[in-house]
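Student: Would you mind keeping the following structure in view while I ask a few things?
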Amino acid sequence: MLEHQNIRPEPIIESDIEWFQTLFKSCFCRDNPWMQHLGKTKYEAFHLNKQAFIFTYTVEDYTDLLTIGVHPHQRRRGVGEFFLKWIITKAPKAQKFFLEVECENNAAISLYKKIGFDLISIRKGYYPQSSGPALDAYVMTYQK
Ligand SMILES: CC(C)(COP(=O)(O)OP(=O)(O)OC[C@H]1O[C@@H](n2cnc3c(N)ncnc32)[C@H](O)[C@@H]1OP(=O)(O)O)[C@@H](O)C(=O)NCCC(=O)NCCS
């Protein structure tokens, strides 16, 4: 079990690419589109014991939460909530957070709502599907 309360988040660096790719695939069943941005200014990526990751993009007082994932075997134990709260806590006062989430991703939507994110708009047909109509994106925000 991942005792996340006792684990310090660590930055993901280029030498982490192999396991990060594997972990990302276990969360999203596709390749990681954010890897090319590792180490670039304004992008930050952290992991918790190689079992969870968060990737953000910050410009001044706006932070986009680009992706968050927890290994399937570690879910429903408070890891995602702990990690997201950690990102928010370490950000400066008055920081604004934005994210997009697939409208059918109930786990993620519940997590964001629990933390205090509000739904501010819906992007129709934002996520193409391999079959069937594209899914809407919920745009959610949180103000520190
Ligand atoms: C979304 C995700 C990060 C949640 O991580 P997690 O560590 O399992 O979440 P937590 O255990 O911290 O749960 C915190 C809250 O989130 C919500 N939640 C998490 N998983 C849920 C599920 N399967 N169904 C409903 N609500 C869920 C609940 O409100 C939960 O609070 P509770 O335990 O008091 O009910 C994880 O499911 C995941 O990695 N999913 C695949 C990747 C993904 O979709 N990322 C988001 C892209 S926008």
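Values quoted throughout were computed directly from the atomic coordinates according to the rules given, and no laboratory measurement underlies them. Here the structure is a predicted model, which means the values were calculated and not measured. Quick reminder, even Gly has a Cβ in these numbers, built from the backbone with ideal geometry, and neighbours come from all protein chains shown.
Conditions (1) under 25 Å from Ile120 (Cβ atoms); (2) buried (at least 21 other Cβ atoms within 10 Å of the Cβ), marked per residue:
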{"site": "Phe46", "(1), (2)": "no, no"}
{"site": "Gly69", "(1), (2)": "yes, yes"}
{"site": "Arg77", "(1), (2)": "no, no"}
{"site": "Ala107", "(1), (2)": "yes, no"}
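Student: Of the conditions (1) under 14 Å from the mean Cα position of the chain (by Cα); (2) more than 8 Å from the ligand (Cβ to nearest atom); (3) under 19 Å from Met140 (Cα atoms), His47 satisfies every one except a single condition; which number is it?
Tutor: So His47 meets the others, but not (3).
Student: I've got another one for you. Report whether or not Tyr112 is in a strand (DSSP E or B), touching a residue at least 24 places away in the same chain (Cβ under 8 Å) and farther than 26 Å from Ile17 by Cα. Working first, answer last.
Tutor: Working: in a strand (DSSP E or B): no; touching a residue at least 24 places away in the same chain (Cβ under 8 Å): yes; farther than 26 Å from Ile17 by Cα: yes.
It is false that Tyr112 is in a strand (DSSP E or B), touching a residue at least 24 places away in the same chain (Cβ under 8 Å) and farther than 26 Å from Ile17 by Cα.
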